Amino acid sequence: MEKDEQVKMNKELKIIGKSERRVDAWGKVTGKAKYADDYNVSHQLIGKVLRSKYPHAKIICINISKAEKLTGVETVLTAKDIPGAKVFGVVVKNQAILAEDRVRYLGDGVALVAAVSKEIAEQAISLIEVEYEPLPVVSDPEEAMKPDAPVLHDDKNEFVHHHVQKGDITKGFAEADFIIERKFKTQFIEHSYIEPEAVLAEPSEQDGIKITGCVQNLFSTRRSVASMLNLDLAQVQIVQSTLGGSFGGKDEAMTLISCRAALLAMKTGRPVKMVDTREESMLESYKRHPYVLYYKWGAKKDGSITAMEIKCIADGGAYASMSPFVTWRSVVQATGPYYCENVKTDVYAAYTNNNYTGAMRGFGSPQVNFAIESMMDDLAEKVGMNPLEIRMKNGFETGAVTATGQELTHNVSLKEVLTKAAAASDFEKKWKRNREAKSDEKKHGIGLACSYRGVSLGAEGTDAAETIVSVQTDGSVIVSSGITDMGQGAQTQMSQITAEVLGISMDRIHFLNTNTSRVADSGATVASRGTIMGGSAAKNAAEKVRITLLEVGAEMTGDAVSDLDLLDNYLINIKTKKPLASFNELATACFNKGKPMVSHGWHHSPKTSWDERQGQGEAYFTFVYGANVAEVEVDIETGKVDVLDFVSVHDVGKAINKGMVEAQIFGGVAMGIGYGLLEEFEIEEGIPKQANFDEYLIPTSMDVPRIKAIIVENEDPTGPFGAKSVGEPTNELAAPAIVNAIYNATGKRIYEIPANLERVLLGHKLTRTGKRGLEQKEIEETDSCKTRGNKL
Amino acid sequence: MKKVTIHTSVNHKHYELEIKPNLTLLSLLREELGLTGTKCGCEVGECGACTVLMNGKAVNSCLVLAPQIDGQEIVTVEELAIGNKLHPLQESFLNHDAVHCGFCTPGMLMSAKDLLDHNSNPTEEEIRTAISGNLCRCSGYQQIVDAIQNNNVSPLKG
Ligand code: FES
Ligand code: FES
């Protein structure tokens with residue numbers, strides 16, 4: 001890295017690591033920020049969707065004639081009006097933009113209307129007549145994998161099977177002193193971005209289309225729109241509006257609404273706006289995968305683990321979406337950060353007539369972490385250790401080899417984060433005290449959970465991103481990137497990196513929202529890759545500009561480039577510390593000499609590898625480590641659990657912006673509390689039971705305690721200024737920490753989340769299960785809860 | 001549907017408006033008056049993104065029918081700053097990093113303003129209660145609570 005050497009900055013960091021204000025926050029407190037639904041143009045039409053009446057049915061015929069005749073209706077479209085590809089998908093292209101002959105879940109769209117007002121569009125939707133022939137419904141992934149289940153696509157419902165194998169589990173179980181075998185279950189989770197899906201599609205002058213909307217993955221949306229309309233990628237422009245939250249949720253959901261609005265706009269030649277109501281959003285959008293997890297561990301009396309046999313089944317819902325990638329992360333991380341020589345893991349995904357499931361913050365880790373960290377506490381109980389001791393005994397250290405055969409050569413800080421979390425919460429003392437406390441109405445508990453997590457996409461896919469830094473003649477700077485800001489602060493971090501490298505203050509930087517026609521395809525802003533990818537690209541771009549500026553500075557002053565530096569908005573001489581020219585003067589000089597003042601930074605992540613057959617490989621180029629401690633109060637009378645205190649420790653490599661890293665931790669933990677205690681999107685026989693926030697409960701300000709965020713910084717050479725990632729790790733540990741705390745308080749272990757009143761009090765869900773009589777026995781055996789002292 | 005005429009004040013400007021009686025205050029603000037700072041998140045009174053002040057009290061504008069504001073005074077987020085001079089509460093939100101995606105922010109600010117206008121020194125509990133009708137999926141609420149509590153001091157830490 002010769003260039004890096006050239007621009008090596010032997011000065012203290014001025015902006016990196018500080019809690020700078022967000023570059024996009026001013027517009028957000030004044031109401032000026034423009035979210036998708038805030039865009040309006042004259043003569044726009046309003047688009048609406050007719051959705052399926054059944055979770056699974058054949059479409060016999062669709063009659064649109066009454067709807068078409070309604071005054072104010074411009075067009076009514078069905079699948080047969082799509083000129084190009086009728087289906088899309090990131091991995092498997094099988095998701096219908098509009099269902100043609102079959103609907104596979106209740107959220108499937110069947111027809112579209114564009115009309116002059118929302119009321120008329122809605123009325124027209126009600127006038128479309130569809131004749132269906134209902135088909136048998138499969139709503140449970142394990143049922144769906146049986147040979148006689150109704151099949152959704154092709155010839156079978158099982159569409160993913162990832163495998164990891166290491167050592168020999170038969171030998172491992174034979175060496176064990178005892179075996180722990182458990183079944184866990186997790187639920188559907190609604191992303192609950194407060195801003196529902198919205199787009200504005202406008203036909204452009206060159207027979208193309210421009211779409212402005214709250215799109216998370218602009219480049220994949222562009223691909224789908226282009227192939228649906230038979231357009232070149234260059235003819236489709238996707239502009240990101242300010243995003244009102246996404247958490248992984250505004251990917252395919254936005255592709256779908258973008259395709260539909262684009263189709264209506266191209267057919268009518270007019271701008272078309274589409275906005276989902278909350279009900280439409282919840283009905284149609286994808287969710288976090290529910291998993292059924294079978295964990296079997298062999299262990300010795302000293303607490304070491306001799307074998308792990310793991311099987312997980314993910315409910316993929318009606319379409320493939322991101323399931324192949326989500327479950328891949330699960331298979332890689334399913335054993336947790338723990339030594340074990342003999343491992344066999346199988347992760348499956350199956351189609352059902354439920355909402356399809358895809359990316360959500362955590363991406364396959366919250367499910368397995370719940371199981372792993374519950375198992376760890378069960379193991380501790382069995383061998384008479386406390387939860388910290390058992391993790392310190394089994395946890396990875398630098399040089400450890402993972403279940404996939406990858407040697408961890410970076411600084412493995414698992415034990416550091418565990419120790420810090422335990423110290424900050426006085427874990428061991430409280431854990432012991434709670435266990436010994438005499439029973440009263442309110443019991444207290446403390447629980448610990450930790451994890452390791454692969455950074456960025458890993459061997460899942462191509463991992464590269466672009467950021468552009470453009471210096472203006474007056475010294476102001478425009479930055480744009482293919483990495484999108486969804487509220488996590490990507491723009492601010494990239495601005496800080498740019499400002500640091502150019503030695504300027506943050507107020508000079510103006511960040512443009514992502515536009516697919518102005519930056520290179522940078523993949524999706526997922527997998528907590530924003531900082532490491534966009535940030536590295538920003539650093540790369542800014543460094544190139546910096547070199548140009550220093551060279552011009554050398555010409556101007558006659559000093560050697562190596563004696564010059566950019567600091568506090570000035571060109572300075574390092575030796576004399578004298579300011580030689582202002583940044584503005586330098587920028588103007590650069591322009592006058594005809595030097596390039598714009599630079600494209602590109603970052604490609606280090607190599608990863610994966611052998612799908614063997615289930616072995618260098619899955620991720622680096623990992624992050626985190627540990628959380630939850631303290632709860634359990635009301636024995638009602639089963640109500642309150643989280644009283646929370647400590648969240650994360651090694652982020654380097655915090656580019658301390659305040660924003662803390663912000664990610666607070667938000668991630670809050671969402672994790674929802675996952676552990678409150679939230680469940682219930683689907684029965686393909687019919688969702690929650691339609692809006694009055695039924696689907698996310699944590700309010702009363703449900704989330706004050707959270708103590710502890711940032712650990714072990715700088716990693718693969719990231720800009722040593723930074724790694726933080727977005728998702730913060731969301732994957734709260735649920736097991738809480739469940740472990742409930743165990744500490746009550747002696748009851750919850751095997752199925754959320755740990756709501758019924759499960760804590762009765763040990764099972766209070767709703768009717770659909771099974772009666774003889775079948776009831778089976779249910780009792782798989783009770784979602786076991787009591788301390790039970791034979792293990 | 002027969003339209004009705006109302007007289008109202010929005011952000012201290014007087015309006016005579018002819019509207020459909022089933023129009024919500026939220027739609028009136030966003031669609032008729034172009035005041036898009038107030039957000040729509042659920043339309044059933046659960047998320048609080050649409051919170052505005054009606055005669056100084058925080059209300060969910062999606063639950064108020066436009067005819068109900070006849071003769072009343074409405075204040076929205078657009079009215080908090082005076083020109084480029086931010087309201088102290090807005091400054092405090094910026095300095096406490098209480099604004100993430102920002103979609104809940106206008107509603108949060110209005111609920112907070114109602115609280116502080118009636119109680120200049122609220123406890124954490126009072127703040128949490130005051131914003132319990134405002135859902136935020138990004139922040140975990142902590143920085144918002146801090147911003148409201150310390151609205152006169154502005155620490156940018158770190
Ligand atoms: S939009 Fe009014 S409370 Fe949600
Ligand atoms: S900041 Fe995103 S919902 Fe509150």
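The values are calculated or read from the model by the stated rules, or taken from the named source; none is laboratory data. Note that this is a predicted model, so its numbers are computed, not measured. Cβ sites come from the backbone with ideal geometry, for glycine too, and all protein chains shown count toward neighbours. Note: accessible area is taken over every heavy atom of the protein model, side chains too, but ligands, DNA and RNA are not part of it. Shrake-Rupley method; radii C 1.70, N 1.55, O 1.52, S 1.80 Å.
For the range A:372-437, evaluate the Debye formula with one uniform point scatterer on each Cα (no solvent term) and list log10 I(q)/I(0) at q = 0.12, 0.19, 0.28 Å⁻¹, rounded to two decimals. Summing over Cα pairs of the range A:372-437 leads to -0.37, -0.82, -1.25. Normalising by residue count, the range A:179-265 has a Cα convex hull of 126 Å³ per residue. What distance in nm separates the simple spin-label points at B:LYS57 and A:ASP177, each placed 7 Å from Cα in the Cβ direction? Result: 6.7 nm between the two label points.
Which value in deg cm²/dmol, rounded to the nearest 500, describes the helix-derived mean residue ellipticity at 222 nm for chain A, given -39,500 (n - 2.57) per DSSP H run of n ≥ 4 and division by the residue count?
Values: 21 runs with 218 residues, N = 792.
Per the formula, -8000 deg cm²/dmol.
Computed packing ranks the peptides A:30-40, A:608-618 as A:30-40, A:608-618, most packed first, by mean other Cβ atoms within 10 Å.
Shape class for the protein assembly as shown, computed from the alpha carbon gyration tensor (a ≥ b ≥ c): rounded, with a/c under 1.5.
Please state the charge dipole magnitude for the range B:88-149, taken about the Cα centre, from unit charges on C-beta atoms (+1 on K and R, -1 on D and E), reported in debye and rounded to the nearest 20. Don't skip to the end; give the middle numbers.
On the way: 3 positive and 8 negative charges, 47 e Å.
That gives a dipole near 220 debye.
Inter-chain Cβ neighbour count for A:16-28, averaged per residue, equals 5 (cutoff 10 Å, partner chain atoms only). Ranking A:LEU502, A:LEU127, A:LEU697 by solvent-accessible area of protein heavy atoms (1.4 Å probe, all protein chains present), from largest to smallest, gives A:LEU697, A:LEU127, A:LEU502.
Give me the Debye-computed log₁₀ of I(q)/I(0) at q = 0.11, 0.13 Å⁻¹ for the range B:4-79, equal point scatterers on Cα only, no solvent, two decimals. The Cα Debye sum returns log10 ratios of -0.22, -0.30.
Classified by the C-alpha gyration tensor, chain B has a prolate form. Its axis ratio a/c, with a ≥ b ≥ c, is 1.5 or above, and a/b is larger than b/c. Heavy-atom accessible area with a 1.4 Å probe sorts B:LEU17, B:LEU65, largest first, into B:LEU65, B:LEU17. Taking the charge dipole of chain B about its Cα centre, with +1 at Lys and Arg Cβ atoms and -1 at Asp and Glu Cβ atoms, the residue from B:ILE82, B:LEU26, B:LEU53 reaching farthest to the positive side is B:LEU26.
Estimated from helical segments only, the mean residue ellipticity of chain B at 222 nm is -6500 deg cm²/dmol, where each DSSP H run of four or more residues counts as -39500 (n - 2.57). Other protein chain C-beta atoms within 10 Å of residue C-beta, averaged over A:660-671: 5. Look at the alpha carbon pairs under 8 Å that are at least 6 residues apart: their mean separation over the length of the range B:4-79 gives a relative contact order of 39 percent. Rounded to the nearest 20, the Cβ-based charge dipole of chain A about its Cα centre (Lys and Arg +1, Asp and Glu -1) stands at 760 debye. Residues of the range A:712-741 with an amide N closer than 12 Å to a point placed 7 Å from the Cα of A:GLU428 along the Cα-to-Cβ direction: none.
In terms of accessible area, using a 1.4 Å probe and ignoring ligands and nucleic acids, A:HIS444, A:HIS410 rank largest first as A:HIS444, A:HIS410. Across every pair of non-identical alpha carbons in the range B:67-113, the mean reciprocal distance, once inverted, gives a Kirkwood radius of 11.9 Å.
A Förster distance of 41 Å, applied to the separation of the beta-carbon atoms of A:LYS442 and A:GLU715, puts the FRET efficiency at 0.40. Quick one: if the Förster radius is 60 Å, what FRET efficiency do A:VAL401 and B:GLU18 give, using the C-beta to C-beta distance and rounding to 0.05? It comes to 0.20. What residues of the range A:136-173 lie in the reach of a label at A:ASP101, counting those whose backbone N is under 14 Å from a point 7 Å from the Cα along Cα→Cβ? Within reach of a label on A:ASP101, which here means backbone N under 14 Å from a point 7 Å along Cα→Cβ, the range A:136-173 contributes A:153-154. For the peptide A:239-245, the mean number of other protein chain Cβ atoms found within 10 angstrom of a residue's Cβ is 4. Can you work out the base-10 log of I(q)/I(0) for the range B:88-149 at q = 0.17, 0.18, 0.19 1/Å, using the Debye formula on its C-alpha atoms alone? Reported log10 I(q)/I(0), two decimals: -0.46, -0.52, -0.58. Separation of the range A:87-141 from the range A:273-292 is 14 Å, based on Cα centroids.
Figure the gain on full extension for A:THR576 and A:ILE60 (residue separation times 0.36 nm, minus the Cα-Cα span) and round it to one decimal in nm. Walk me through the numbers on the way to the answer.
On the way: separation 516, 0.36 × 516 = 185.76 nm, distance 8.29 nm.
Difference between extended and current length: 177.5 nm.
Placing +1 at every Lys and Arg Cβ and -1 at every Asp and Glu Cβ, with all other atoms neutral, what dipole size does chain B have around its Cα centre, in debye to the nearest 20?
On the way: 12 positive and 18 negative charges, 54 e Å.
The calculation lands at about 260 debye.
Looking at the square roots a ≥ b ≥ c of the eigenvalues of the Cα gyration tensor of the range A:522-660, which shape do they give, rounded for a/c under 1.5, prolate if a/b is larger than b/c, or oblate? Judged from the Cα gyration tensor, the range A:522-660 comes out prolate (a/c at least 1.5, a/b above b/c). When each of the peptides B:123-132, A:206-215, A:508-517 is scored by how many other beta carbons lie within 10 Å of its residues on average, the order from highest to lowest is A:206-215, A:508-517, B:123-132.
Would you kindly state how much longer the chain becomes between A:ALA560 and A:LYS311 on full extension, computed as 0.36 nm times their sequence separation minus their alpha carbon distance, in nm to one decimal?
Numbers: separation 249, 0.36 × 249 = 89.64 nm, distance 6.34 nm.
Gain in length upon complete extension: 83.3 nm.
Each of A:GLU205 and B:THR129 was given a label point 7 Å from its Cα along the Cα-to-Cβ line. The distance between the two points is 6.0 nm. Across the options A:HIS162, A:THR718, B:THR129, the greatest Cα extent toward the positive end of the charge dipole of the protein assembly as shown (unit charges at beta carbon of Lys, Arg, Asp, Glu) belongs to A:THR718. Shown for chain A are the DSSP H helices of 20 Å or more along their axis, judged by Cα atoms, with a mean Kyte-Doolittle hydropathy of at least 0.0: A:252-268, A:536-557, A:658-673. Rolling a 1.4 Å probe over the protein chains gives A:TYR751 an accessible area of about 10 Å².
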